[in-house]
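Single-structure report; data block below.
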Amino acid sequence: MLVSALIYLLAAVIAVPIAKRFGLGSVLGYLIAGIIIGPSALALVGDQTEVMHFAEFGVVIMLFLVGLELQPSRLWSMRKQIVGLGGLQVVLSAGAFTALLLWTTPLVWQVSLALGLTVALSSTAIVLQSLNERGQMNTQAGTNAFSVLLFQDIAVIPILAFLPLLATFPAHIGGGDHTVNLIESLPVWQQVCVTLGAIVSIILMGRYLASPMFRIVAETRLRELFIAFALLIVIAIAVAMTSIGLSAALGTFLAGVVLAESEFRHEIEANIEPFKGLLLGLFFITVGANIDFVFLWEHVGTVVQLVAALFLIKGAVLFGLAYIFKMETRQSLLFMVALAQGGEFAFVLSSAGLQYSVFDTETASMLTIVVAISMLLAPLFFVLYEAWFSRAGQRARPQEDDEVTPTLDVIVAGYGRFGQIIGRMLISNGYDLTILDHSPSQVDLVRRFGNTVFYGDASRHDLLEAAGAHKAKLLVVGVDEADKANEIIRVAQQHFPNLKILARAVDRRHAYDIISAKVDGYRRETFDSALRLGRNALELLGETPERAQTVASLFEKYDEESLIDLAALWGDDKSYGIAVRQQIEDLQKVLARDVEELNKE
């Protein structure tokens, strides 16, 4: 097991950077790595079945994270694209491919229809990964492609349920990988009730149980426990859904949508993201390793024709739908390029087709190799698209509804007494805020007053990334721990150099650190209030309000100059001590001189 893990990781570490270096993208790098270590090349790994099942969990996690980005209102607003565009794509692609097989092969209509439905689906993993890598996810094509993929993921459920009705010969013994279905012996109406009950349960538990549980876990301040609980939710839903014959990806997607309005959304996303990337990489490697080049060589003519037919038919359907839905020409081509390949669910449906006696072994093998080759070629089409067209104007246009990718103005890290004052001022002036706080109780309290606040440690760059630091204009560091504030500033400057930073200084010594970090602005948390109280003291002692204001302004000016001068000496105890004494004397002399000049006036 350890040797296999070593081989997979080594292949990925070598192949992916090379692929990225030549502009081919990480997906193609993983696929090439799989081909190299697979049975058809170096044969460093054997049977991929168990690894594939494990790696498919990466797709499940990806759909969960996609759900976290979609609030229910946003999902509802996409219903026309999901049902209309997605539904037409599946029906037309399946119908066209079925007709082609009936016309050109001796296959019966049941097998042709099953194959047509299978190849109508696209690769969620490849499409989303490739669009995200290229910054195309929020383009017109990216949004519509996601809608189609979402419909396809939902469509897998009825397709799986429909396959047994297409059986044409006695059961295939030992074929396929039939997951235990606890409700398959029930009448159809009871299966429907259980299915609806499972979906409703996920929604209700996500809405009313998950957030309180996350709050309890977060109170422990143990990051590993938070990660464990997030993974527990994903795995539990995946197991529950597959045990009743439903799509694990759909279940976790629904859970993600429900949790999209939770204050823990960004922390969950930041903690789960690394697992998604690793497992998706493993998934692509196993797809590459599963390409049977011996079978391919024996049937090379047929495979080439079928792969070409797959791309041509799906491409024509997709381009036609893009025209009907009034997409721009370049966006139409990107939409076509993104979805023209076969998808990972084809491996599931191929296995199920064997189990339910729809396909024989040779048909299932041909289906697998055609889909795998199409997935291998898909990243190349993205590269060709980018090479052919200028990328100018292809970045995301502003969305009418900003719930998926909000246009952020400010991130406030730390929303206690200090951060709340800044936040209220900014909100009252119409600025959009993303608020991060590492205290679950504080997050809960602030949310009760109608504020949008998320739980998380802002010193982690992945959390800042999830919160939108790459798009925000300003970061306000308002935490009350000096070391934590310094770490947040360091991470933000390292990973988001264009982000402006304002910081809260806990005391004078902390101000030295912040000055050294060269942030865009800072204030000592007690200085302004002490200065105002000093003015009041002068007034109570008989000074006029004007004179008290002038003295306070002079003191603030000279103290700030002193602070900057001393910051350069902080850390050198001897020099700093001498400078402090000198600054105190100078400050007294300067203030006395200025006050004397005021008296003369």
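The values are calculated or read from the model by the stated rules, or taken from the named source; none is laboratory data. All of these numbers come straight from a predicted model, not from anything done at the bench. Virtual Cβ from ideal backbone geometry, glycine too; neighbours counted across all protein chains shown.
Check Asn271 against each of (1) buried (at least 20 other Cβ atoms within 10 Å of the Cβ); (2) farther than 28 Å from Trp189 by Cα; (3) more than 20 Å from the chain's Cα centre (by Cα) and name the one condition it does not meet.
Condition (3) is where Asn271 drops out.
Hey, can you tell me all the residues within region 173-204 that are in the same structural domain as Val348 (by TED's automatic domain parsing) and either more than 23 Å from Gln355 (Cα to Cα) or at pLDDT 80 or above (or both)?
none
Identify all residues within region 325-334 that are over 17 Å from Phe382 (Cα atoms) and without any contact (Cβ under 8 Å) to a residue 12 or more places away in the chain; write none if there are none.
Lys326
Is there any pair linking a residue in region 477-488 that is crowded, with 24+ Cβ neighbours inside 10 Å to one that is part of a helix (DSSP H, G or I), with Cβ under 7 Å and at least six apart or on different chains, and which?
Pairs found: Val477/Ala485; Val477/Ile488; Val477/Ile489; Gly478/Phe418; Gly478/Gly419; Gly478/Ile422; Val479/Ala485; Val479/Ile488.
Looking at Pro170, Pro164, which is the one that is modelled with pLDDT of 75 or more and either assigned by TED's automatic domain parsing to the domain that holds Ala125 or in contact with a His (Cβ under 8 Å, 6 or more places away or on another chain) (or both)?
Pro164
If only one of Leu566, Leu499, Leu554, Leu533 is of a type outside the set (S, T, N, Q), surrounded by 14 or more Cβ atoms within 10 Å (Cβ to Cβ) and either closer than 25 Å to Ile268 by Cβ or modelled with pLDDT of 90 or more (or both), which one is it?
Result of the check over Leu566, Leu499, Leu554, Leu533: Leu499.
Could you please let me know if Ser357 is assigned to a helix (DSSP H, G or I), in the same structural domain as Gln140 (by TED's automatic domain parsing) and among the small types (Gly, Ala, Ser)?
Here the answer is no, as Ser357 does not meet what is asked.
Ala145: closer than 23 Å to Ile313 by Cα, at pLDDT below 85, among the aliphatic types (A, V, I, L, M) and within 20 Å of the chain's Cα centre (by Cα), yes or no?
No; evaluated as a whole, the condition is false for this residue.
Report yes if Leu349 is among the aliphatic types (A, V, I, L, M) and modelled with pLDDT of 85 or more, otherwise no.
So Leu349 fails the test.
Residue under question is Gly342, and the condition is that it be outside any helix (DSSP H, G or I), in contact with a Ser or Thr (Cβ under 9 Å, 6 or more places away or on another chain) and in the same structural domain as Gln129 (by TED's automatic domain parsing); does it hold?
yes
Please go through region 84-119 and pick out each residue that is among the β-branched types (Val, Ile, Thr), out of contact with any helix residue (DSSP H, G or I) (no Cβ under 7 Å at 6 or more places or on another chain) and either closer than 30 Å to Ala260 by Cα or in contact (Cβ under 8 Å) with a residue 40 or more places away in the chain (or both).
Val108
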